[in-house]
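One structure below.
Each value in this text was obtained by applying a stated rule to the coordinates, not by laboratory testing. Being a predicted model, the structure only gives us computed values, none of them experimental. Ideal geometry is used to build each Cβ from the backbone, glycine not excepted, and the neighbour counts take in all protein chains shown.
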Amino acid sequence: MKKKISSEIKKIILENIESSTSHGFPNIVRNESFILKLMWTLCLLVSSGYCAYCLTKSFQDYFSYETDTQMKFKRVSQIEFPTVTFCNKFAADLNKGNWLSELAKYGYKELKLSLSDLTKFNEFFKEIDYNFKYESLKFKDNFNLVGFDIDKMLLNCNFNFKECNSSNFKFFLSSIFGFCYQFNADKTNIRKVSSPGKQAGLSLELFIGYPNKDYDLYKSYGAHLFIHNSSTIPSSEFDGISLSTGHETDIIVSKTFFQKLSKPYSDCVKDLNSTESFGSEVYKETIKIFGQYEQKVCINLCFHKSVFERCGCYYPDQKIIKNISQACDHSFGFKCYLDFAASFGESKISSECIDKCPEQCQSVKYNLQFSNANFPTPSYADFFIAYDSEINNNLRSFYSYSNVKESTLAVNVYFDDIGYTLVEEKASKTLEQLVADIGGFLGLCIGISILSIAEIFDSILKIILLFFQKKNDSIVKKHLKNFN
């Protein structure tokens, strides 16, 4: 009985193999010649081996999570205008005539007298940078007594075919430049433009002040400009461009939007406001201090945290520390900071900071092109002199063309096209492509398709039905026997 069932199972399997849509197995079973069977067996083994190799490679490609980058330009009807932040390179307005401005004058003179060896100017300017940051942190509650007021700096303002004024600017305190002012920084009301060109952009004419040999402790003077997304905070340590007096600078802006794939393709962060998106403490602290995550800000914070671990103090910075007691002193702390900063780039700590500060999945970058012209013309300078004399009670002390030219500048920020470049990551191999590879290689090498797999289940089902049939036959025979 058992022999009969096994022979019937064998018959079912052989019949299904002979009628199979795959090519190798039917020919092995169907041919009676040993040589032909051997030939088809070898062919099947070689083909199956190549198929296994191709499928293994395809799976490796899929699970390596490689990406391809696509770049395309998208033209739109409107585009968000960037936030424009400007600062005076003269951090302190020493003409305010109050106790703090007089104290600043005295401090500047003392620092200048301390420079006995003119060949050590690099060390001297490092001390100037430290001293200004330290004093601005120390007197941060009174900095308005020496900061450059926007009403004094802003001579003229136009945006998108309309006039603008000081009320359109938001105050921003920089640890290097002191008082800075931001246009289009209100996140709830971001301004947009629908036309390219200078008239649709932002045009500023600024008064910078006059260089003074007694108090100048700077290498250059003019304005410092930041062009950035409204959601980011400009950093005076590595952002921005310098603008010189006596010139009109045209800045042509083009916008690039970067979009990366998140896990498993990369460790980039999607939610830039959530402290739960990444595990490192410096990542979480970046969001707590600055309100939103940005990788380069996180790396900079990691650097300052590393300074604290090494030196026991922070380099003075308005955004990182609030208490002057945490700042490095002028003796040991300042020297420790300089030694650490000089070796940071080549240290293990630098690479650790990269690991602690992931990339953003989405980011915006503004690409800038520049051109310059002399500013102002003699006749235009006359307007400044007349206006300052009659309206502003000679606030800026304009009296001649050369006097105006050395203390003023103009800048125009505008788009050359209303659109943006999208740089987007796509998966090199998707799940659909992996399935297509599996079907393609199995069909090419062995002739197997989805229906070929169904043939296996067909054989299994037939065998199960055979057992049920034999069992029923056995029960019927048993009843007949008992009846007789």
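Measuring nothing but how far apart in sequence close Cα pairs (under 8 Å, 6+ apart) lie, relative to its length, region 366-438 scores a relative contact order of 26 percent. Taking amide hydrogens as placed 1.01 Å from N in the peptide plane, the amide H of Phe375 sits under 5 Å from those of His247, Glu248, each at least 5 positions away in sequence or on another chain.
Arrange Arg75, Arg191 by Cβ neighbour counts within 10 Å, fewest through most, would you? Each step should come with its number before you reach the end.
Values: Arg75 9, Arg191 17.
Taking fewest neighbouring Cβ atoms as first place, the list is Arg75, Arg191.
Here the Karplus curve 6.51 cos²θ - 1.76 cosθ + 1.60, taken at θ = phi - 60°, turns the phi angles of region 37-50 into couplings of 4, 5, 4, 5, 5, 4, 4, 5, 5, 5, 5, 5, x, 5 Hz, with x standing for Gly and Pro.
Descending by average beta-carbon neighbour count within 10 Å, the peptides 107-115, 251-259 line up as 251-259, 107-115, the highest first.
Take the residue pairs Lys187/Lys348; Lys57/Lys296; Lys162/Lys405 and return only those whose Cα atoms are more than 28 Å apart.
Working: Lys187/Lys348 38 Å; Lys57/Lys296 37 Å; Lys162/Lys405 25 Å.
Too far apart for the 28 Å limit: Lys187/Lys348; Lys57/Lys296.
At q = 0.15, 0.17 Å⁻¹, what is the base-10 log of I(q)/I(0) for region 267-360 according to the Debye formula with one equal point scatterer per Cα and no solvent? Please give it to two decimals. Computed log10 I(q)/I(0) values: -0.59, -0.73.
Which ordering of Trp99, Trp40 is given by a fewest-first count of other beta-carbon atoms within 10 Å?
Values: Trp99 10, Trp40 19.
Ranking Trp99, Trp40 by Cβ neighbours within 10 Å, fewest first, gives Trp99, Trp40.
Each residue of region 250-261 was assigned a 3J(HN,Hα) from its phi angle through the Karplus expression (A = 6.51, B = -1.76, C = 1.60, θ = phi - 60°), giving 8, 10, 8, 9, 10, 9, 10, 10, 9, 9, 9, 7 Hz with x at Gly and Pro. The spacing between region 199-263 and region 325-375, judged by their C-alpha centroids, is 18 Å.
Phi-derived couplings, Karplus 6.51 cos²θ - 1.76 cosθ + 1.60 at θ = phi - 60°, listed residue by residue for region 431-436: 4, 4, 5, 5, 4, 5 Hz, with x used for Gly and Pro. For Thr256, neighbours were defined as the other residues whose beta-carbon sits under 12 Å from its Cβ, and their charges (Lys and Arg +1, Asp and Glu -1) total +3.
How do Thr83, Thr67 rank when sorted from fewest to most other Cβ atoms within 10 Å of their own Cβ?
Numbers: Thr83 25, Thr67 15.
Exposure proxy ranking, most exposed first: Thr67, Thr83.
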